Each structure stands twice: as C-alpha cells, then as structure tokens.
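Undergrad: Please find one structure pasted underneath; my questions will follow.
Any read-out appearing in this document is the output of simple, stated calculations on the displayed coordinates, not a laboratory observation. Computed from a prediction, not measured in an experiment: that's the story for all the values here. In this analysis, Cβ positions are derived from the backbone assuming ideal geometry, glycine residues included, and neighbour counts consider all displayed protein chains.
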Amino acid sequence: MVNRTILFIKSENGFITQAITKNLKDSGFNVIEVTDSLDDINNHRSFADMILYYASGSKELISQRMTYLTDLCNEYNKTICIIGDESCVNEAMNTENNQRIAGAYKRPIDIRELVIGVMNQFDMHKEYERTKSILLVDDDSDFISITSLWLEDDYKVDGVCTGREALRYLDRYKPDLILLDYDMPDLDGYEVFERIKNNPFITNIPVIFLTGKNDRESVMKIINKKPDGYLLKSMGRTELMNTIDSFFADRSFSAAK
C-alpha cells in the first residue's frame, strides 16, 4: 500500500485546521501535525512526502518559513501546498525558488477542493518519483561509464557511443531524457537532435546537449539550436545530479499547473 503521509504545519489548532486534518484522514492520508517551529518541522521532515503549510503571522515570519521549506523540499524531494488568508498565501507564493509549491488555497477554504487538490498533487509527486530513464550519448566510453555510475542510483541509464546507435536505440525505446554530446564523429549531436525533432514518435523527448567547450561562441551556438538545456562535461557529480533532479522536478510541476 502506498504511504500517503502529509506533514501539516500550523501555528494554531482551530476549527478549520481540525476539519482539514479530519477530511484528509478520512480520505486515506496519514497526517502528522506539527507546530510552526523549525525544531518541530526538522524533527518530522523525513516522515512525509508532502508538506501542507498553514501560512500565518508576519510577512517576515512567512518569508523565513518558506525559504526554509522550499530548501527542504528541494533537498529531500518533497512538494508543498499553502493554505491561509489571502495576504499570507500571496506572501508565501512570492518566495524565491518557489517551484516546489504545488498548490495554494485561500480562505474561506473549500475543504473538499483542498482534499482533491492534495490528492492530485500527491499523485503527481509519486509520478515524479517513478524511476526516470536516461539515454546517454557520447563518443567517450570513459565519460559514459563515469556518468552512468553517478546517475544509476536514481535513474535508469543506457549509454551509446555514436549518433547512429542512438537513433537505433530510439527506434525501440523512449527514454525520459537524452543527454547528447554535441561534438561527435560520424553523426554529430546537432544532426541527431534534428532527426529526433523531425520524428513525430520521439519529438517530445527532451534533449540536453553535453559539451566540453565553455567559451561564449560555443555555448551560444548550442543555445541557438534550442535544446532543453546544455551541460558542461567538466561538471562534478553533485552539480550534475542537482541539475538533472531539478530538470525533472520542473517538468513535473509544469505539467501539474
């Protein structure tokens, strides 16, 4: 059975918060109620996939809490929904790096709408957690081996060494992301990219170019091809993982809106 646990952060235990907790529990969620304190939040952060934050108090307090919560969500792969008075919700939504906010509900709160929204966002979160597949295309077999080793704990990774091998692979499989070396012999990355985008069966697969060149001319040449992004092959494991994780998270939340 899927663990459906929500961390409900609130500064008071009034009628509204009690009703929200009851309706979430009646809908099959396990609700962990905590006070609006960093110690309380920190002690329970690992037990839930989703955070429900009842924003209240001063602008400074809400801003501080949201900065902490969005950082927590990014680090531990959680989503967050906001509830509260209109001014408090607006303050929370204006937080920098707010891409982890999956929903906002202003008072007077329609509890049925809230529960349905939370259920939908929970399902979207679980879809994001599904193991994503990545096709790594690079003529350097050592680079493929090292990068695959870095990614394989969180993603399903297949690697090929030529553009033609990549196209043959895509005849049979549809990965969630292609990491494509821009400079390759035989078929270079741009030629492979063009064939992908001209094929209606695989055109929607996102492509991120890999490049070993960091000069402005090379980078602009890549950007002008309009891929879904580019990565420097010199980046380290942490930077690579953060970039890939953020890429999938952004796509997941964009699809949810």
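Undergrad: Across bins of 5 angstrom width beginning at 0, how are the C-alpha pair distances of the range 5-129 distributed, in whole percent?
TA: Per 5 Å bin, starting at zero, the Cα-Cα P(r) for the range 5-129 comes out as 2, 11, 24, 27, 22, 11, 2, 0 percent.
Undergrad: Taking θ = phi - 60°, what integer Hz values does the Karplus form 6.51 cos²θ - 1.76 cosθ + 1.60 yield along the range 22-34, in sequence order, with x for Gly and Pro?
TA: 4, 5, 5, 5, 5, 8, x, 8, 8, 10, 9, 8, 9
Undergrad: Another one. How much length is gained on full extension from Thr5 to Ser37, taking 0.36 nm per residue of separation minus their Cα-Cα distance?
TA: 9.6 nm
Undergrad: Figure the gain on full extension for Ser63 and Asn90 (residue separation times 0.36 nm, minus the Cα-Cα span) and round it to one decimal in nm. Intermediate values should be presented prior to the final figure.
TA: Values: separation 27, 0.36 × 27 = 9.72 nm, distance 1.06 nm.
Length gained, Ser63 through Asn90: 8.7 nm.
Undergrad: Could you calculate the contour length gain from Lys126 to Ile223, that is, 0.36 nm times the residue separation minus the distance between their Cα atoms, to one decimal place in nm?
TA: Extra length from Lys126 to Ile223 when fully extended: 31.7 nm.
Undergrad: What is the spin-label model distance, in nm, from Asp110 to Lys22 if the labels are put 7 Å beyond Cα along the C-beta direction?
TA: 2.1
Undergrad: Hey, another quick one. How would you classify the range 132-256 from its alpha-carbon gyration tensor, with a ≥ b ≥ c the square roots of the eigenvalues: rounded for a/c under 1.5, else prolate if a/b is greater than b/c, otherwise oblate?
TA: Rounded, because the longest to shortest axis ratio a/c is under 1.5.
Undergrad: Under 15 Å between alpha carbons, and skipping anything fewer than 8 positions from Lys221 in its own chain: which aspartates and glutamates qualify?
TA: Hits, sequence-local ones excluded: Asp181, Asp183, Asp188, Glu191, Glu194.
Undergrad: Related question: Counting other C-beta atoms within 10 Å, and keeping those with at most 14, which DSSP coil GluC sites (Glu not before Pro) do you find in the range 59-97?
TA: Glu96
Undergrad: While we're looking at this one, here's another question. If you project the alpha carbons of the range 42-111 onto their three principal axes, what span does each projection cover, largest first, in Å?
TA: 30, 27, 22
Undergrad: List the pairs from Lys156/Lys225; Lys22/Lys106; Lys106/Lys197; Lys156/Lys233; Lys59/Lys226 whose alpha-carbon separation is above 30 Å, in the order I gave them. If you can, show how the numbers build up before the last one.
TA: On the way: Lys156/Lys225 27 Å; Lys22/Lys106 19 Å; Lys106/Lys197 42 Å; Lys156/Lys233 20 Å; Lys59/Lys226 39 Å.
Pairs exceeding 30 Å: Lys106/Lys197; Lys59/Lys226.
Undergrad: Which loop trypsin sites (Lys or Arg not before Pro) in the range 109-218, with loop taken from DSSP, have no more than 10 other Cβ atoms within 10 angstrom of their Cβ?
TA: Here the sparse-neighbourhood loop sites are Arg130.
Undergrad: In whole percent, what relative contact order does the chain give with Cα contacts below 8 Å and a gap of six or more residues?
TA: 12
Undergrad: Note down the Stokes-Einstein diffusion coefficient of the chain in µm²/s, whole number, using a Kirkwood radius over alpha carbon pairs, 37 °C, and 0.692 mPa s.
TA: It diffuses with D of about 161 µm²/s by this estimate.
Undergrad: Write out the trypsin sites (Lys or Arg not before Pro) in the range 1-54 meeting two conditions: DSSP loop, and at most 11 other Cβ atoms within 10 Å of their Cβ.
TA: Here no trypsin sites (Lys or Arg not before Pro) fit, given the DSSP loop and packing criteria.
Undergrad: Can you tell me the relative contact order of the range 1-135? Whole percent, Cα pairs under 8 Å, sequence separation 6 or more.
TA: 22
Undergrad: Calculate the spin-label point distance for Asp250 paired with Ser141, positioning each point 7 Å from the Cα along the beta-carbon direction, and give it in nanometres.
TA: 3.4
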